[in-house]
1. Give all pairs with beta carbons closer than 7 Å in which a residue from the range 433-447 that is aromatic (Phe, Trp, Tyr) meets a residue that is part of a strand (DSSP E or B); count only pairs at least 6 apart in sequence or on separate chains.
2. Within the range 264-281, track down each residue that is surrounded by fewer than 17 Cβ atoms within 10 Å (Cβ to Cβ), away from the ligand (no atom under 14 Å from the Cβ) and in a helix (DSSP H, G or I).
3. Can you tell me which condition Val458 does not meet? The list is (1) in contact (Cβ under 8 Å) with a residue 60 or more places away in the chain; (2) β-branched (Val, Ile, Thr); (3) farther than 17 Å from Pro277 by Cα, and all the others hold.
4. Pull up the range 183-204, narrow it to residues that are away from the ligand (no atom under 14 Å from the Cβ) and part of a loop (DSSP other than H, G, I, E, B), then point me to the one that is nearest to Met41 (Cα to Cα).
5. How many residues does the range 249-263 hold that are within 16 Å of the ligand (Cβ to nearest atom) and of a type in the set (Gly, Ala, Ser)?
6. Give me the pairs: first residue in the range 148-168 and of a type in the set (Phe, Trp, Tyr), second residue assigned to a helix (DSSP H, G or I), beta-carbon distance under 7 Å, and six or more apart or on different chains, which are they?
7. Out of Lys346, Lys388, I need the residue that is surrounded by fewer than 22 Cβ atoms within 10 Å (Cβ to Cβ), touching a residue at least 24 places away in the same chain (Cβ under 8 Å) and in a loop (DSSP other than H, G, I, E, B). Which one?
8. So which of Ile291, Ile329, Ile314, Ile268 ends up being assigned by TED's automatic domain parsing to the domain that holds Asp61 and modelled with pLDDT under 95?
Amino acid sequence: MKLSQSLLLLLSVCCGADILSQNGNTKPPQALLPVPSAAQMAWHEMEMNAFVHFTTNTFTDLEWGKGNESPGIFNPSQLDAGQWARVLKETGFKTLILTCKHHDGFCLWPSQHTEHSVKNSSYKNGKGDLVREVSDACKKYGLKFGVYLSPWDRNHAEYGKPGYITYYRNQLKELFTRYGPVFEMWFDGANGGDGYYGGAKEIRRINGASYYEWPATLSFVKSMQPHVIFFSDAGPGVRWVGNERGVAGETNWNTISTDTLFAGKAGIEGLLNTGSPDGNKWVPAEVDVSIRPGWFYHAKEDSLVKTPAKLFDIYLTSVGRGSTLLLNIPPDRRGLFHENDIKALKGFREILNKEFAVNLAKGKKVTASSFRGKAKAFSPANITDGNKQTYWATDDLVTNGSFEIDLGKTVTVKYILLQEYIRLGQRVKAFTIDVWKDNSWQKVAEGATIGYKRIIPVTPARTNRIRVTIVDAKACPVISNAEVY
Ligand code: FUL
């Protein structure tokens, strides 16, 4: 080791931050656990996913089918899964999650374990397989495919008894071995109550914490497809956001302790909405919301499709708060996305394209209160370089600091977008944003968490400089990106 290197090493140790490696280079910050898995990281980057609710409910006008529906009523006249996938692709969605079986128990694929499926429907004279058509359409349009298989089954005679668990796993086996990769598996929290149950027509209650033997079921699915992400209130892949209005917590931690959580547990909505800063697992919130009041298509809701402006608001309270949006678009009785829904999706896309047309911070000069080991690898220039793999970081003991973006000219600013490099954990606990105006810094926003992505709308301000201050963080801040619109 050269003298200068030993001096540097000594200095950094004396300062309480051993951030130099043997060769004198500054080491990157250590990961602050928990951190996302590779599959969770890919899920964060999807940002916009689509849900498709379709079953006999579409033909009975119900939201929760009772389980006594005749399969014969399922008869979409012009079904075109290619239309769904094309519209979703064109409007910026990355995936499609299909209700292969909802609470009524009707299966959209010809399962060999029940008669309550498309094989006894009028659709294609019983020769149809919707799961096949939808997974094929997803492949054709480059969308990832996901499945919803309701644990609660109001049709099945053995629901509530051990035999149903075997049935449920047999169905998972069909879905996970026949249709190619499944990126996400949805386990709904609505469980137990009255139903047809093979003709018993009674109320059946189950213990949500133990009945389904989830650990064994999940390992069984993982043995078939190791990369699948599991959604439920308790994850383990992603968690419910605690409401169906499209709103993630303004403070939104990707971390939560799941020890006492299970799907459907009452009274946990608040916790699911915000997560917890000291949570011991990485289980980010997914924002599921429907484009219509109901999850299934009802003609009487044709005039109640959410407007493009409302969808944009939801985007800001989901993706803009570090979550992933899961927007439901229910096909109508023809088996097509309705014209009004398509119009709303296209209008939503136009707003996104317009509001986020030009990133005013791209490639602009950034200075910071300090940066890690004064090394270029961690310099504030990484924040505007357009590369999400590079980041600004401070020394280990420095858990606050600020950076300033020089926009080069005076412009009108409406949104500031920030991203932490979450591969090293979620860190920021408090931040403020100021704009330079009338020869002083003026605070335009403050918040707690940033996470994968935070988009902060501000009252439009004319300025040429923006300052972001990390007021407090769990460990040295690690910021990969800032954009200004
Ligand atoms: C809920 C279900 O009961 C709704 O019908 C819908 O599927 C929604 C996504 O989850 O818990």
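The values are calculated or read from the model by the stated rules, or taken from the named source; none is laboratory data. Model, not experiment: these values are computed from the prediction. Cβ atoms come from the backbone with ideal geometry, glycine included; neighbour counts cover every protein chain shown.
1. Correct list of pairs: Trp436/Thr463; Trp436/Asn464; Trp436/Arg465; Trp441/Asp434; Trp441/Arg467.
2. Initial filter on the range 264-281 (surrounded by fewer than 17 Cβ atoms within 10 Å (Cβ to Cβ)): 265-267, 269-270, 276-278, 280.
From what's left, away from the ligand (no atom under 14 Å from the Cβ): 267, 270, 276-278, 280.
Residue satisfying the conditions is Gly270 alone.
3. (1)
4. Among residues in the range 183-204 that are away from the ligand (no atom under 14 Å from the Cβ) and part of a loop (DSSP other than H, G, I, E, B), the one nearest to Met41 (Cα to Cα) is Phe183.
5. We begin by selecting, within the range 249-263, every residue within 16 Å of the ligand (Cβ to nearest atom); these are 261-263.
Those left that are additionally of a type in the set (Gly, Ala, Ser): 263.
Residues meeting the conditions: 1.
6. Listed by first residue and then by second, the contacts come to Tyr159/Tyr197.
7. Numbers: Lys346 fails: in a loop (DSSP other than H, G, I, E, B).
Exactly one residue qualifies, and that residue is Lys388.
8. Details: Ile291 fails: modelled with pLDDT under 95; Ile329 fails: modelled with pLDDT under 95; Ile314 fails: modelled with pLDDT under 95.
Just one listed residue meets the conditions, Ile268.
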